[in-house]
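J.: Okay, here's the structure, questions in a sec.
Nothing in this text is a laboratory measurement; each read-out follows from the coordinates by a stated rule. Fair warning: this is a prediction, and the values are worked out from it, not measured in the lab. Cβ atoms come from the backbone with ideal geometry, glycine included; neighbour counts cover every protein chain shown.
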Amino acid sequence: MSEVTIRKQRIKRDSVKVRLIVFGVLAVMLILCSIFSEYLTPYDPYLQDLSIAKQGPSSEHLLGTDRYGRDMLSRVIVGSRASIFSTLLLVAIITVLGTAIGVICGWNGKVLDTVLMRISDMFLAFPGLVFALAVAGCLGGGLQNAIIALAAISWPKYARIARSQTLAQKETAWMKAAKLSGSSTVKIIFVHILPNIIGPILVTSMLDIGTMMMELAALSFLGLGAKPPIAEWGSMMSDTRSLMTTSPWITFSPGIAIFISVMIFNLLGDTIRDYADPKSRGR
Amino acid sequence: MKKYVLHRFLQLIPVLIGITFLSFAMMRLAGSDAIIELYGDKGAVAEEIIAAKQAELGLDKPFLTQYLAWVGGMMRGDMGVSYVSGKEVFGTFISKLPATLLLTALSIGMTVVISIPLGVLAAVRHDRFTDYFLRFFSFVGNSLPNFFVALLLMQVFSIKLKWLPVISKGLSVQSAMLPTLTLAIAMSAKYMRQVRATVLEELNKDYVIGAKARGVRSCVVLWKSVLKSSMLTIITLLALSIGNLLGGTAIIESIFMWDGVGKLAVDAITMRDYPMIQAYVVWMAIIYVIVNLTCDLLYHALDPRIRLGVSEG
C-alpha cells in the first residue's frame, strides 16, 4: 500500500468521524427536544383560541395556527414526543426481542430453533405493512397497538441476524475454551456471545429508525395510531387534510417535521454503518 | 433444477398453512364479539338468539374445526359475508383486485424507467458531481413518508396547477398519474441506490480493467458486459420490492380514493369488518408468496451458474 493510499484512507476515516459527531449531536438534540418538549413550546399546544384560527405563518406564530387557533409550532414540538419517543421504543423492543430469540435459536439449535425460525418465516411471508395494518385493525387504534403491530412484523429480521452471528460465534476457538473451562451458559451468552454479535445488530437498528418512524406515522395517518387530540405528526396530518386547500401550512408542518427527523436518523444510521464497516462506504 | 423446484413447492405448504392460521387466529381473537358486532349491544338480545346465531356461524365449535371449515370455504372462494355491506367478501375482494394490480404494475414500470438509467448513471459517474446529486435526491426520497409525498403532489398538481383531479374518478390516466408517481418516487429512491451499488460492484471487477486495458471502449464494456451481468441482480431486487409495494398501496389508495383492495382494507379496518380484513391479509400474503417464489425460480432458471450446477446457492 502506497503512502498516498494510506493518507487518503485516513482522510476518509476522519470525515466519517466528523459526520458521526455532527449527526450524532443532531439526533441527540431531537431526542432531547422530544423529552423536554413541554418546556420548549412557545404557547400551550392544546389551548384553543378561535379568534386566531387558521392564521398563516407570522412572526408571532412561526408555523401559523390550526383550525382551533392552536399554535402549530408548539403542536409540532409536542408531537415530537409521540413520534420520536414511540419510534425509539419500538426499535428498542424489536432489537431486544429479535436478538433474544435469535441467540436462543442459534445457541440451542434442534427443535426450538426449527420451530422459532418457521414462525419467523410465517411473519416474513406477509408483505410489508399488510400484516401491521391487520394487527392494528384487530387491536383497534392507539399508539400502543400501532407499536405492537409494527413490532410483530419487524422482529424476524433481527432474529435472523442474531441467529447467524451466534452460530458463527459458536464455532470459534474461544467459545470452546470457555465451555471447557466450565463457564455457565448464561455467562457464555452474556460475556462471550452478545458483545461479539451486538455490532451488526445495532447498526441494523440504527438504520431502521427512519423507516420505523415513517411506518408509525403512516399508521397514525390512517387513524390506527395516536388519536387526536394527542399531538402526533402522522395523525395531525390526516386530521387537517381537509384544510389543505386553504391553509396548507397546517398539514405540511408536521410532514416537514417527520421528513427532517427521518433524514437525521437515516444520516446517522448510514454514518454508523460506514464507521463500523468501511467496505460499505459510498454505497 | 427439477429437484429444487419441487423442494420450493414443498416449502410453500407450511408457509401457506402459517399464513392462513395466523390470519384466522388473529381475526378470531379480535372478532370474538362478532355477534355483538352484528346485533349491537349484548344486553339487547336474548341469550337464545345469540346461541342460535353462534351455532349458525359455527362459532360454538372448537377452534381447529372452525379453522378447517374456514380454509375449506376459502378454497371454494367462500370467505363469508361482510359485516357492513352484507355482500360476499371474496367477490368484493376479487372485483377490486385489478385496480390494485394495475396501480402496482404502473408504479413498477415507472420505477424501472426512473431508477435504472439514473442508477447506472450514478455508478458510471461514481464520486463525481452527478453521482452526489443523484444520491442526494435518492436520500431525500428515502426520508419522505409516502403519504406526505402524496399530499405534496396533490397540493401542487391538483390544487395549485389544477392539472389533475384531486380524487380519482374511475380508472383513467389522469387519476392514475398521481398515485403511480407517489409510489414510484419512494420506490425509485430506494431502488436507484441498489442499482448503483450493483453496477458499481460489477465495474470494480477485474475483467472490466482487463477489457479497458485491451482498449475496449468504456461504453462497450458497460453495455455488453457490465449491464448484462448485473441485470439479473437488478431484476431480482425489483421483484423482491413488490411486496413492500403491495402493502404500501393501501395508504396511497385511500388518500387518492383509488378503488382498489388497499382502500377496501383501510375502510374495512375503520368499520371493523373482520371478514374483509381477513380476506385482504390472506390474499395479499398468498400473492406475495407466489410472486417471491416465481422470482426465485426465474432467478435460478436464468443464472447459468446455478442452472448448469457449477456452484450451489
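J.: Kirkwood hydrodynamic radius, computed over distinct alpha-carbon pairs, for chain A: how many Å, to one decimal?
T.: 21.3
J.: Most mobile of B:172, B:241, B:225 per a Gaussian network model of chain B (Cα springs, under 10 Å)?
T.: Ranking B:172, B:241, B:225 by mean-square fluctuation puts B:172 first.
J.: Got a sec to turn the phi values of the range B:86-97 into Karplus ³J(HN,Hα) couplings, 6.51 cos²θ - 1.76 cosθ + 1.60 with θ = phi - 60°, whole Hz, x for Gly and Pro?
T.: So the Karplus estimates, Gly and Pro as x, are x, 8, 4, 5, 5, x, 4, 4, 4, 5, 8, 4 Hz.
J.: With unit charges on the beta carbon (Lys/Arg positive, Asp/Glu negative), name the residue among B:257, A:169, B:12 whose Cα is farthest towards the positive pole of the charge dipole of the protein assembly as shown.
T.: About the Cα centre, the residue reaching furthest to the positive side is A:169.
J.: Report the full-extension gain for the segment residue A:260 to residue A:14: residue separation times 0.36 nm, less the Cα-Cα distance, to one decimal in nm.
T.: Answer, rounded to one decimal: 86.0 nm.
J.: Tell me, what ³J(HN,Hα) does each residue in the range A:175-188 have, in order and in whole Hz, if you take phi through Karplus 6.51 cos²θ - 1.76 cosθ + 1.60 with θ = phi - 60° and put x for Gly and Pro?
T.: Rounded to whole hertz, the list is 5, 5, 4, 5, 5, 4, 6, x, 5, 6, 4, 4, 5, 4.
J.: What does the average come to when, for each residue of peptide B:279-290, you count the partner chain Cβ atoms lying within 10 Å of its Cβ?
T.: Mean inter-chain Cβ contacts per residue within 10 Å come to 4.
J.: Counting only C-alpha contacts under 8 Å and six or more residues apart, can you give the relative contact order of chain A as a whole percent?
T.: Result for chain A is 23 percent.
J.: Could you tell me the calculated FRET efficiency between residue A:276 and residue B:201, based on Cβ-Cβ distance and R0 = 30 angstrom, to the nearest 0.05? Kindly include the intermediate steps, with their values, before the conclusion.
T.: Values: r = 20 Å, r/R0 = 0.65.
Computed FRET efficiency for residue A:276 and residue B:201 comes out at 0.95.
J.: Dipole magnitude of chain A about its Cα centre, charges +1 at Lys/Arg Cβ and -1 at Asp/Glu Cβ only, in debye to the nearest 20?
T.: Approximately 1280 debye in magnitude.
J.: In deg cm²/dmol and to the nearest 500, what is the mean residue ellipticity at 222 nm of the protein assembly as shown if only DSSP H runs of at least 4 residues count, each as -39500 (n - 2.57), divided by the residue total?
T.: Taken over the protein assembly as shown, the calculation gives -24000 deg cm²/dmol.
J.: Next up: Find how many whole Å separate the alpha carbon centroid of the range A:106-147 from the alpha carbon centroid of the range A:51-83.
T.: Using only Cα atoms to place each centre, the spacing works out to 38 Å.
J.: About the Cα centre of the protein assembly as shown, how large is the charge dipole given +1 on each Lys and Arg Cβ and -1 on each Asp and Glu Cβ? Please answer in debye to the nearest 20.
T.: On the way: 56 positive and 39 negative charges, 558 e Å.
In debye, rounded to 20, the protein assembly as shown gives about 2680.
J.: Next question, about the same structure. So if R0 is 30 Å, what FRET efficiency would residue A:177 and residue B:17 give, r being the distance between their Cβ atoms, rounded to the nearest 0.05?
T.: 0.10
J.: Check cross-link reach from residue A:110 to the lysines: straight Cα distance under 24 Å, and skip same-chain residues fewer than eight apart.
T.: In chain and number order, the partners are A:157, A:170, A:176, A:179, A:187.
J.: Within chain A, what's the longest run with no GluC sites (Glu not before Pro) in a DSSP loop and at most 15 other beta-carbon atoms within 10 Å? Give the range, please.
T.: Of all site-free stretches, the longest is A:172-283.
J.: Other chains' Cβ within 10 Å of B:146-159 residues: what's the mean?
T.: Numbers: counts 3, 12, 15, 2, 1, 9, 5, 0, 3, 5, 0, 0, 2, 4.
Across the residues of B:146-159, the mean count of other-chain Cβ atoms within 10 Å is 4.
J.: Taking chain A as a Gaussian network, Cα atoms linked when under 10 Å apart, which of A:49, A:113, A:239 shows the biggest mean-square fluctuation?
T.: With Cα springs under 10 Å in chain A, the top fluctuation among A:49, A:113, A:239 is at A:49.
J.: Okay, next question. Express in % the proportion of alpha carbon pairs of the range A:80-144 at distances exceeding 17 Å.
T.: So the pairs more than 17 Å apart make up 59 percent of the total in the range A:80-144.
J.: With label points built 7 Å along Cα→Cβ from the Cα atoms of residue B:190 and residue A:25, find their separation and express it in nm.
T.: Label at residue B:190, label at residue A:25, 3.3 nm between them.
J.: First measure r as the distance between the Cβ atoms of residue A:62 and residue A:191, then evaluate 1/(1 + (r/R0)^6) with R0 = 45 Å and state the FRET efficiency to the nearest 0.05.
T.: So, using R0 = 45 Å, E works out to roughly 0.30.
J.: Could you tell me whether the protein assembly as shown comes out rounded, prolate or oblate from its Cα gyration tensor? Rule is a ≥ b ≥ c as square roots of the eigenvalues, rounded for a/c under 1.5, then prolate if a/b exceeds b/c, otherwise oblate. Mind showing how you got there, number by number?
T.: Numbers: a/c = 1.41, a/b = 1.16, b/c = 1.22.
Rounded shape, in that the Cα axes give a/c under 1.5.
J.: So who's got an amide H within less than 5 Å of the one on residue A:67, skipping anything under 5 residues away but keeping other chains? H placed 1.01 Å off N, in plane.
T.: It is A:54, by chain and number.
J.: Pick out, from B:143, B:215, B:120, the residue whose Cα sits farthest towards the positive end of the charge dipole of the range B:117-273, with +1 on the Cβ of Lys and Arg and -1 on the Cβ of Asp and Glu.
T.: B:215
J.: Mind putting a number on the dipole of the range B:144-245 about its Cα centre? Charges go on the C-beta only, +1 for Lys and Arg and -1 for Asp and Glu, and I need it in Debye to the nearest 20.
T.: 260
J.: Over the alpha-carbon set of the range A:161-239, divide Rg by the Kirkwood Rh and report the Rg/Rh ratio to two decimals.
T.: Radius of gyration over Kirkwood radius for the range A:161-239 works out to 1.33.
J.: Okay, moving on. Through the Karplus equation 6.51 cos²θ - 1.76 cosθ + 1.60, θ set to phi - 60°, convert the phi angles of the range B:191-208 into ³J(HN,Hα) values in whole Hz; use x for Gly and Pro.
T.: Result, ordered by residue: 6, 4, 4, 5, 4, 4, 4, 5, 5, 4, 4, 5, 5, 8, 6, 4, 5, 5 Hz.
J.: How far, in nm, would the chain grow between residue B:294 and residue B:68 when pulled straight, counting 0.36 nm per residue and subtracting the alpha carbon separation?
T.: 78.6 nm
J.: Right, another one. State, to one decimal in nm, how far the label point of residue A:202 lies from the label point of residue A:50, with both points 7 Å from Cα in the Cβ direction.
T.: Label-label distance for residue A:202 and residue A:50, simple model: 5.4 nm.
J.: Let me ask something else about it. Once you place label points 7 Å from the Cα toward the Cβ at residue B:173 and residue B:102, how far apart are they in nm?
T.: 1.4
J.: Still on this model: Which whole number gives the average count of other chain Cβ atoms within 10 Å of the Cβ atoms across peptide B:229-240?
T.: Other-chain Cβ atoms within 10 Å of each residue's Cβ, averaged: 0.
J.: Ok, one more. Let me make sure I get this right: for chain B, a, b and c are the square roots of the gyration tensor eigenvalues over alpha carbons, sorted descending. Under 1.5 in a/c it's rounded, otherwise prolate if a/b > b/c, else oblate. Which is it?
T.: oblate
J.: Along the charge dipole of the protein assembly as shown, pointing to its positive end and built from +1/-1 on Cβ of Lys, Arg, Asp and Glu, which listed residue (A:138, A:229, B:243) has its Cα farthest out?
T.: B:243
J.: Right, here's the next one. Sorted by mean Cβ packing within 10 Å, highest first, what order do the peptides A:185-197, B:139-151, B:246-258 take?
T.: Peptide ranking by packing, descending: B:246-258, B:139-151, A:185-197.
J.: Could you work out the Rg to Rh ratio of the range A:125-177, with Rh taken as the Kirkwood radius (inverse of the mean 1/r over all Cα pairs)?
T.: Numbers: Rg = 16.9 Å, Rh = 13.1 Å.
Rounded to two decimals, Rg over Rh is 1.29.
J.: Report, ordered by chain and residue number, the aspartates and glutamates lying within cross-link reach of residue B:96, taken as a straight Cα distance under 19 Å and ignoring same-chain residues fewer than 8 apart.
T.: B:78, B:88, B:253, B:259, B:267, B:273
J.: Say we join alpha carbon atoms closer than 10 Å with springs in a Gaussian network model of chain A; which of A:202, A:62, A:88 then has the biggest fluctuation?
T.: A:62
J.: Working from the alpha-carbon coordinates of the range B:213-310, get Rg over Rh, Rh being the Kirkwood radius.
T.: On the Cα set of the range B:213-310, Rg over Rh gives 1.23.
J.: What net charge is computed for the residues neighbouring residue A:192, neighbours being all others with C-beta under 15 Å from the C-beta of residue A:192, Lys and Arg scored +1, Asp and Glu -1?
T.: Result for the neighbourhood of residue A:192: +3.
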